[in-house]
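Here's the structure we're looking at; comments come further down.
The values are calculated or read from the model by the stated rules, or taken from the named source; none is laboratory data. For clarity, every value in this text was computed on a predicted model and none was experimentally measured. Cβ coordinates were reconstructed from backbone atoms using ideal geometry, including for glycine residues, and neighbour counts include every protein chain displayed.
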Amino acid sequence: MTLYGVGLGPGEADLVTVRGKRVLETADVVYSPGRLSRSVALEHVDESAIGDLDFPMTRDEEQLRAAWKEAAATVAPNAAEGDVAFVTLGDPNVYSTFGHLRRTLEAFHPEVEVEIVPGVSAVTAFATALGVEIEAGAGLSLREAADGRSPTGPDRMILFKVTDAPATHEGLAEAGYEVTYGRRLFMEQGETIVTDDPTELEDRDYYTLAYAEKGDLAVEPATAAFESDGEAPESDRSAGESDESTGSEPIADGGEEVTLERAEGCVHGDCGGHR
Ligand SMILES: C[S@@+](CC[C@H](N)C(=O)[O-])C[C@H]1O[C@@H](n2cnc3c(N)ncnc32)[C@H](O)[C@@H]1O
């Protein structure tokens, strides 16, 4: 039978994919590596289906290997008899604990079939939450910035594990980056913060990321011309639309014109960071 690695998305229960939900609802046992992923899983499965695995908070590789061997030995017999799931926040293949379990199973229990259900990763969710558009053709790099580190180089970076935002900010600002921070984005647990002020994030919270963009990037997509003075050229306006048009006005296709001051979906913060 199968072990499913299920990506739960960033935290809100309705950002689990339809496939992920179906797998969770039908799995005999659902294992989770942490409290947060467990609480999201519990939105979809009964507590009686949750299995226990013990993960030590350590960077000692010997201890970690021993823990993963034990976890694999617990999961393998259940996966041989039925379908089981291992959940992770975001996507199981992005900076995730699931890779350790998959490799350990491949080494010691190769009979277990593994299937992955992708999830909405913070790598993509950040863009909507922070009101950032990564235009077609733009480069985007992923880095870690734990313990106040300030990686530099790429034009645009997503920084994970921003545990000391003020220290990270100092290095980035010095290198000419504009930075927006996001904490607990699309998460039900804890307060969501979107800000470009690192002093608002002085307390450490592992679920904090940053988007850093070089200050001198001159990106001008063709349609940016429409935003320059808020007016489309005369020939583009539909009949009956007045110059004073604000808010919701009927337009030619029967839909509504909406004045957008921030990206749709920015219900999680002020989204005032970039552009
Ligand atoms: C070990 S990585 C896990 C990434 C996850 N597998 C994913 O695909 O999103 C954990 C880091 O991702 C970022 N992160 C994950 N979920 C987040 C969220 N909902 N809000 C803000 N940052 C998040 C934080 O920087 C955190 O330190």
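Residues in region 16-39 that are in a helix (DSSP H, G or I) and over 17 Å from I116 (Cβ atoms): how many?
So the answer is 5.
Take residues that are over 13 Å from Y211 (Cα atoms) and tell me which of the helices (runs of 4 or more DSSP H) falling wholly in region 89-183 contain 3 or more.
Hits in region 89-183: 98-108, 165-174.
Would you confirm, using the coordinates I've provided, whether G148 is surrounded by fewer than 18 Cβ atoms within 10 Å (Cβ to Cβ), over 30 Å from R22 (Cβ atoms) and in contact with a helix residue (DSSP H, G or I) (Cβ under 7 Å, 6 or more places away or on another chain)?
The answer is yes for G148.
How do the pairs read when you match residues in region 107-133 that are without any contact (Cβ under 8 Å) to a residue 24 or more places away in the chain with residues anywhere that are within 12 Å of the ligand (Cβ to nearest atom) and assigned to a loop (DSSP other than H, G, I, E, B), using Cβ under 9 Å and keeping only pairs 6 or more apart or on different chains?
The qualifying pairs are T124/D91.
Go through region 97-120 and report how many residues are farther than 12 Å from V6 by Cβ, within 16 Å of the ligand (Cβ to nearest atom) and of a type in the set (G, A, S).
Counting residues in region 97-120 that are farther than 12 Å from V6 by Cβ, within 16 Å of the ligand (Cβ to nearest atom) and of a type in the set (G, A, S) gives 1.
Do we find a residue being more than 24 Å from M57 (Cα to Cα) and either among the β-branched types (V, I, T) or assigned by TED's automatic domain parsing to the domain that holds R35 (or both) anywhere in region 170-187?
Checked region 170-187: at least one residue is more than 24 Å from M57 (Cα to Cα) and either among the β-branched types (V, I, T) or assigned by TED's automatic domain parsing to the domain that holds R35 (or both).
Starting from residues that are without any contact (Cβ under 8 Å) to a residue 60 or more places away in the chain and of a type in the set (D, E, K, R), keep the ones in region 147-181 and report whichever is farthest from the ligand (Cβ to nearest atom).
Top of the filtered list is E174.
Yes or no, residue by residue, for (1) exposed (fewer than 15 other Cβ atoms within 10 Å of the Cβ); (2) closer than 26 Å to R19 by Cβ; (3) within 14 Å of the ligand (Cβ to nearest atom); (4) not assigned by TED's automatic domain parsing to the domain that holds G9:
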site	(1), (2), (3), (4)
M57	yes, no, yes, no
D60	yes, no, no, no
Q63	yes, no, no, no
A76	no, yes, no, no
G82	yes, yes, no, no
V87	no, yes, yes, no
D91	no, yes, yes, no
Y95	no, yes, yes, no
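Please go through region 116-156 and give me each residue that is touching a strand residue (DSSP E or B) at 6+ places or on another chain (Cβ under 7 Å), among the hydrophobic types (A, V, I, L, M, F, W, C) and farther than 19 Å from P10 by Cβ, ordered by number.
A138
When the residues of region 183-214 are narrowed to those that are near the ligand (Cβ under 9 Å from one of its atoms) and charged (D, E, K, R), which ends up surrounded by the most Cβ atoms within 10 Å (Cβ to Cβ)?
The residue in question is R183.
Report, by residue number, each residue of region 75-88 that is touching a residue at least 24 places away in the same chain (Cβ under 8 Å) and either more than 30 Å from D14 (Cβ to Cβ) or outside any helix (DSSP H, G or I) (or both). Spell out how you get there, then give the answer.
Narrowing region 75-88 to residues touching a residue at least 24 places away in the same chain (Cβ under 8 Å): 75-76, 78-88.
Once the filter is applied, which keeps residues that are touching a residue at least 24 places away in the same chain (Cβ under 8 Å) and either more than 30 Å from D14 (Cβ to Cβ) or outside any helix (DSSP H, G or I) (or both), region 75-88 yields A76, A80, E81, G82, D83, V84, A85, F86, V87, T88.
State which residue is nearest to A165 (Cα to Cα) when the search covers only region 192-221 and only residues that are of a type in the set (V, I, T) and part of a loop (DSSP other than H, G, I, E, B).
So, considering only residues that are of a type in the set (V, I, T) and part of a loop (DSSP other than H, G, I, E, B), the one nearest to A165 (Cα to Cα) is T192.
Determine whether G11 is in contact with a Ser or Thr (Cβ under 8 Å, 6 or more places away or on another chain) and outside any helix (DSSP H, G or I). Please lay out each step first, then the result.
On the way: in contact with a Ser or Thr (Cβ under 8 Å, 6 or more places away or on another chain): no; outside any helix (DSSP H, G or I): yes.
So G11 does not fit the description; no.
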